Amino acid sequence: MSKSELNQFPNKFRNIFWPIKKAELAKFVPMAALMFCVLFNQNILRILKDSILISEISAEVTSFAKVYCVTPAATIFVIVYAKMVNSLTFDRIFYYLVGFFTSVFLVFAFIIYPDVDSFHMDREKLESLMLAYPHFKWYLAILGNWSYIVFYTLSELWPNIFYILLFWQLANEITTTNEAKRFYTLFSLFGNSSVVIVGLLMMHLSSEENIARNLFVISDSKIILTQVSTIFVVFSGIFSCLLVRYVTKNVMSNPVLYIKPSGEFSKNKMGLIESFKYIARSKYLWLLLICSASFGLVMNLVEAVWKAKIKELYPSVTEYAAFSSSYILWTGVVIMFLTIVGNNIMRNKSWFAAAVISPLIIMITGTIFFVLVVFDEAIVTFYEGVILTTPLALAVVVGAIQNILSKGSKYSIWDTSREMLYIPLDQELKTKGKAAVDVISPKIGKSASGLIQSVIFTILPMATYNSIASGLMMIFIIVCLLWIYSVRKIYFEYQKLI
């Protein structure tokens, strides 16, 4: 190595691992911390919502909840949000939404869940109704266990509202395209370190029941787990509000850090109907919607089958939460590794080369999981003596690996790639268009998957995820191919804009 190359080595190393200038730290640090807080809450809620709903009711009910509860709630939110951006500043919208969500979580954890039988339909009466009307048993289960559904619905909406919509809307507003290439993957690196911390924290809370009992004098470990986790969510939510206040008051008032666009941030002149008509005419947003919906659809197909397997292996709330915490922990590790990989692919190759990684990984790993589920007995018999575990345990482990790699690539590479697509757009598309795509489209994907499953379970009340896995696998592969095609098409549109 020559002397000049040795002298350039520190700069090359810095460009790869820390391409942030000193003057940019005042913008970068609070945004990275904000992403950490939002994702910290997102992953605690992800563990809790599945552990409670699936353990207390069943895995099958999740498909009904996503179709008939989560999607309508997401649609209502987009309409309300479109009204809010015309009359409120971004920081006030953020404060009001955090206050609403955390208040509901506190009421559930400290009032409803400890005495849930007083708020829900009588268990024996609900079971008798489900037996009497088998085609409608999961709809009855939703009504009879309404508080679990409310908690699940708001927990499902958290990532789409606070992470995908609000955090990235603020990031896109104060970040230039050139900065985004350096900032966004590092946002992901620091923000997703919260996934590792949540995994360790929730593993501890799920297992250290005696310590929690001494602190709270409560005998039921699942109540303790929910209450302590909710306290962490509330404090993280408060801190995220303080960070938003700092960014809006200090960063956005500094002409060195923020160049104000021609239109007012978070204030648009179009009415609600005019806004949606304008958005609907955008081919660019339609392609974005297809990509986002595809991820929600394919992941829900895999996770529905996988979570049913987890429920068989880990039936209680705390056991389910402990397992979920371990795979969340490893997801965080993979995210941090792939963030560095994706950052360099984005900067040294092309947007398309980075963006197509996620659908490819999801299609390959998901297909392997479905093959194992559909042909589990044949595979175990063929490899008898080599596979030293039960088919159920093997399916859970393979599903966990699939989930870790898929979500690791999604949160580290796909999310940052997708957010860059919004930067060249005008203010109307950056705010209301982003709200429509980011809040509605993932729920459309999950709801399409849930609708398919719920129709099957309604028509065939004795059907299970094991019995319909082969059909779900075919749909999964087709949608993955559509996602890859849409990524290619939107790449050409993005090139035109920049």
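All of the numbers you see were taken from the coordinates with simple rules; none came from a lab. Just so it is clear, the model here is predicted, and its values are computed rather than measured. As a convention, Cβ positions derive from the backbone with ideal geometry for all residues, glycine included, and neighbour counts pool all protein chains shown.
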How would F162, F323 line up from fewest to most surrounding beta-carbon atoms within 10 angstrom? F323, F162
Chain lengthening between E493 and K125 when straightened (0.36 nm per residue, less Cα-Cα): 126.8 nm
Highest to lowest packing among 97-105, 150-158, scored as the average C-beta count within 10 Å: 150-158, 97-105
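Over the alpha-carbon set of the range 154-206, divide Rg by the Kirkwood Rh and report the Rg/Rh ratio to two decimals. Kindly include the intermediate steps, with their values, before the conclusion.
Numbers: Rg = 13.9 Å, Rh = 12.8 Å.
Value, to two decimals: 1.09.
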Highest first, please rank the peptides 329-340, 230-241 by the mean number of other Cβ atoms sitting within 10 Å of their residues. 329-340, 230-241
With label points built 7 Å along Cα→Cβ from the Cα atoms of V107 and S87, find their separation and express it in nm. 2.2 nm
Too long for a 28 Å Cα-Cα cut-off, among K137/K222; K249/K283; K49/K410, are K249/K283
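Using R₀ = 45 Å, calculate the FRET efficiency as 1/(1 + (r/R₀)^6) where r is the Cβ-Cβ separation of F352 and W146; round to 0.05. Let's see the in-between values first.
Details: r = 45 Å, r/R0 = 1.00.
About 0.50, to the nearest 0.05.
Of the peptides 191-198, 123-130, how do they stack up when ordered by the mean number of other Cβ atoms within 10 Å, highest first?
The packing order, highest mean first, is 191-198, 123-130.
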For the range 62-146, what are the per-bin percents of Cα-Cα distances with bins 5 Å wide, up to the bin holding the maximum? 3, 12, 15, 16, 18, 14, 10, 7, 4, 2, 0
I'd like the distance separating the alpha-carbon centroids of the range 109-151 and the range 21-91, in whole Å. 25 Å
Measure off 7 Å from each Cα along the Cα-to-Cβ vector at A73 and I477, then give the distance between these two points in nanometres to one decimal. 3.5 nm
